[in-house]
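The values are calculated or read from the model by the stated rules, or taken from the named source; none is laboratory data. Since the model is a prediction, treat every value here as computed from it, not as a measurement. Here the Cβ positions follow ideal geometry from the backbone for every residue, glycine too, while neighbour counts run over all protein chains shown.
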C-alpha cells in the first residue's frame, strides 16, 4: 500500500461552472486507525450533481470533501469492520479513509454483480430512482412517463426500472444526439429528444401527443413547465434535482399554467434519498435478480485514476457522462 494519502479539497467558491482551479490535491501520510475505527483503501468514487450545490457553502474550504465511495478495509481496530471486506461510506474524494462502523455499510456478496453497480443502480443513484418511482410517483402498470436528464445516472436507472415495473410509454430528454440514441437503443426509452433542438414543450408534445401520467424531473426550468402542461388528470411530478440551475443561479423562474395543478388534480412532490435509506434492502431484492439474469444493465461512465476525479466531476456537470459517472482506482484488482 502506498504510504502517501491524497485528498481533494475545495479552495474557492465558484460562480457559474466550477473548474479544476477551485480544487487542489493535498498529500499526507496514510492515517492510522484508532480503537473503534478501520482504515479503508478507497477503490471507487462517485461524483454527483449535488456536489455542485454543496460547493456554494456546505463544503468547508481547504478540507477533504465528502462523497459516496467504495473501499477495502486494510486495517481494523473494530470487530464490526473485518479486514478485507468491501464497504460503502461517504468519506470520499480521498484515497484513504478512517471510518467507524456506523459510518459504513458492508456490501453484500452477490456473485456476478459488478462492484461499481453499488454506486450506480444499487447505490444512491439507483435508490433515488427506485424511491421516486415506487414511493413518490407510486407508479402503476401502464403509466406513461417523461424523464428529464434521462441519460444521466438517475435518468437511466429510472428508465430501466420503470420498464421492468411495467410502465407504458417512456420519453426522455437528453443533451446530445448520441445520448438520445443510447436511450432508445439500450436503455428502453420509446422516445427521446435533444433539448437543444427546440422548445421542450413542442418536442414533448410530439413524443407524447396523448400526454403523460408521471414526470420524473432532474432538471427543472422549461422541462418542468412543459411537463405540467402535458400531464393528464391526477398526474404526478417527482422532483429530484434542478441541474439546469446549479450553475446559473439567475435562471428565470419556471413558467406554467398554475391552474393546471388544481384543474387536473396534479401532485408535485420532492424528496431527499437520505430520508429513504431504509429501502436499501428492498432495492437489492428488486434489482439484483434482474442484474443476474441480464434484464438490468448498469449505465456507467468509468474514469480510471483518482487523480482524474476533479476533471471527471467537471465533465459530468457539462454532460460528459452517459449514465453514472464513476472514478476507479487503477490497479485495484477488482
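Scanning the stretch 69-96 for residues that are in contact with a helix residue (DSSP H, G or I) (Cβ under 7 Å, 6 or more places away or on another chain), buried (at least 21 other Cβ atoms within 10 Å of the Cβ) and assigned to a loop (DSSP other than H, G, I, E, B) turns up 81, 93, 95. Within the stretch 194-233, can you find the residues that are in contact with a strand residue (DSSP E or B) (Cβ under 8 Å, 6 or more places away or on another chain) and assigned to a strand (DSSP E or B)? Answer for the stretch 194-233, where residues must be in contact with a strand residue (DSSP E or B) (Cβ under 8 Å, 6 or more places away or on another chain) and assigned to a strand (DSSP E or B): 194, 212, 213, 214, 215, 216, 217, 231, 232.
Applying the set (1) touching a helix residue (DSSP H, G or I) at 6+ places or on another chain (Cβ under 7 Å); (2) within 29 Å of residue 150 (Cα to Cα); (3) free of Cβ contacts under 8 Å to residues at least 24 places away in the same chain to residue 15 leaves exactly one unmet item: (1). Looking only at the stretch 151-193, residues that are part of a loop (DSSP other than H, G, I, E, B), on the phi < 0 side of the Ramachandran plot and either touching a residue at least 24 places away in the same chain (Cβ under 8 Å) or not assigned by TED's automatic domain parsing to the domain that holds residue 139 (or both) come to 8 in all. Being within 14 Å of residue 67 (Cβ to Cβ) and over 13 Å from the mean Cα position of the chain (by Cα) is a property that residue 314 lacks. The set of residues in the stretch 78-100 that are farther than 20 Å from residue 54 by Cα and at pLDDT below 95 is empty. Across the stretch 36-56, a minimum of one residue is classified as surrounded by fewer than 20 Cβ atoms within 10 Å (Cβ to Cβ), over 23 Å from residue 326 (Cβ atoms) and in contact (Cβ under 8 Å) with a residue 60 or more places away in the chain. Scan the stretch 136-147 and tell me whether some residue there is in the same structural domain as residue 231 (by TED's automatic domain parsing) and part of a helix (DSSP H, G or I). Within the stretch 136-147, one or more residues are in the same structural domain as residue 231 (by TED's automatic domain parsing) and part of a helix (DSSP H, G or I). For residue 126, the criteria (1) part of a loop (DSSP other than H, G, I, E, B); (2) crowded, with 19+ Cβ neighbours inside 10 Å hold in every case but one, which is (1).
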